[in-house]
């Protein structure tokens, strides 16, 4: 009887490679974050190498001397590949593969791999595949070993270029199809946003660096049931839930994908419809991991990404999260925020203050009214409950006495 052989997935062993272009840059922190990305993707880091040079080498990313050093590290530590901390050009990728004879990956590829594993909804899967194909298309060259050009003359014309053009056409066709599907998704999202606007319900978008605790915050406030993990990009797909505030007011909370250093342009483009939830929100809840020593740099990256998405002049509430894990109590500042609060989403501390602040901000855009509404117009009470804050109601012989905060558009009707 034939013996059954169980095949195990081979764990990748990789060496991380980075370039420090000037003293005091964040190359070491960036490579440390890359190590976390690699672990999240399921690989093991067996070595790290950071080269100091004025500019990245256009042909090999690092200098040729360092390439020889990397080759020695690969042989010594039994690595199955290398991961570079920046997005490699097609030439750099090809040259490194040829010189090292090993698998060469870059930061963008690792992030795309994690996104592919995390996407669960059809929208998330479309966005990830679109970003992957755009990345792959820009790196298609006819000079790789599997598509080598053969010499001219009868009997020597190879299929390389033909195969390349076929691959390029297939990828372009698939990108066009995915763009059409994504357009439909965006239209659906716009319809949903338009409904929210008609309902007059305010929206707060939760943004922040990956693993800052956005999903934990959403779950704690609304029992959303979103996956919580101490991992980078634990959740990709946006979730929207209603949060009840003091005074029977309501606000919609929308979670967004986490930001990170050197977030690939392909991903920003592909995830624009998701990230634009922040663009159309009334308020931005900026969640910061206060226990992370790099939290100030992470805040800067979040604001940079928001500016790339043309999200400016929104009211920002910065939440310095994970106070339960903070060891050194230092003053926390965010000069770009309108309000700041110290919270712990896990412990629930500071969240009542957040609800009070949101209720207060909603009141600022409303008018205090005292009216007696005829019983024939009692239906307007439901609108006041839905869009405003009903403080008092009293059923009297002449009608229903109402004291409430109402938005300006409803005040016009009254």
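Among the listed residues 36, 87, which satisfies the condition of being within 29 Å of the chain's Cα centre (by Cα) and in a loop (DSSP other than H, G, I, E, B)?
Details: 36 fails: in a loop (DSSP other than H, G, I, E, B).
Every option except 87 fails the conditions.
Within the range 203-238, the residues that satisfy the criterion of being in a loop (DSSP other than H, G, I, E, B), modelled with pLDDT of 75 or more and buried (at least 20 other Cβ atoms within 10 Å of the Cβ) are 210, 211, 212, 213. Residues satisfying the criterion are absent from the range 147-162 (criterion: within 25 Å of residue 269 (Cβ to Cβ) and either modelled with pLDDT under 80 or surrounded by 12 or more Cβ atoms within 10 Å (Cβ to Cβ) (or both)).
Restricting the range 392-409 to residues that are surrounded by fewer than 15 Cβ atoms within 10 Å (Cβ to Cβ) and within 14 Å of residue 247 (Cα to Cα), which is farthest from the chain's Cα centre (by Cα)?
Keep residues of the range 392-409 that are surrounded by fewer than 15 Cβ atoms within 10 Å (Cβ to Cβ), which gives 392-398, 401, 403, 408-409.
Now narrow it down to the ones that are within 14 Å of residue 247 (Cα to Cα): 392-393, 403.
On the way: 392: 42, 393: 44, 403: 42 Å.
Across the range 392-409, the extreme among qualifying residues is 393.
Okay, residues lined up against (1) in contact with a helix residue (DSSP H, G or I) (Cβ under 8 Å, 6 or more places away or on another chain); (2) without any contact (Cβ under 8 Å) to a residue 40 or more places away in the chain:
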site	(1), (2)
48	yes, yes
51	yes, yes
58	yes, yes
69	no, yes
81	no, no
88	yes, yes
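Looking across the range 332-351, just one residue is more than 17 Å from residue 298 (Cα to Cα), without any contact (Cβ under 8 Å) to a residue 24 or more places away in the chain and surrounded by fewer than 16 Cβ atoms within 10 Å (Cβ to Cβ), and that is 338. Of 50, 110, all but one fail to be buried (at least 16 other Cβ atoms within 10 Å of the Cβ), modelled with pLDDT under 95 and either assigned by TED's automatic domain parsing to the domain that holds residue 270 or in a strand (DSSP E or B) (or both); the exception is 50.
When the range 261-273 is limited to residues that are within 22 Å of residue 240 (Cα to Cα) and surrounded by fewer than 23 Cβ atoms within 10 Å (Cβ to Cβ), the one that is modelled with the highest pLDDT turns out to be 268. Applying the set (1) part of a helix (DSSP H, G or I); (2) touching a strand residue (DSSP E or B) at 6+ places or on another chain (Cβ under 7 Å) to residue 391 leaves exactly one unmet item: (1).
Rundown of residues vs (1) in the same structural domain as residue 210 (by TED's automatic domain parsing); (2) modelled with pLDDT under 90; (3) closer than 24 Å to residue 114 by Cβ, yes/no style:
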position: 6; (1), (2), (3): no, yes, no
position: 21; (1), (2), (3): no, yes, no
position: 45; (1), (2), (3): no, no, yes
position: 71; (1), (2), (3): no, no, no
position: 77; (1), (2), (3): no, no, yes
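Screening residue 382 against (1) touching a strand residue (DSSP E or B) at 6+ places or on another chain (Cβ under 6 Å); (2) farther than 13 Å from residue 247 by Cβ leaves a single unmet condition, (1).
Looking for something at pLDDT below 65 and surrounded by fewer than 15 Cβ atoms within 10 Å (Cβ to Cβ) - is there at least one such residue anywhere in the range 171-189? Scanning the range 171-189 turns up no residue that is at pLDDT below 65 and surrounded by fewer than 15 Cβ atoms within 10 Å (Cβ to Cβ).
The values are calculated or read from the model by the stated rules, or taken from the named source; none is laboratory data. Everything quoted here is computed from the prediction, not taken from an experiment. Because the Cβ atoms are built from the backbone with ideal geometry, glycine has one as well, and the counts that use them run over all protein chains shown.
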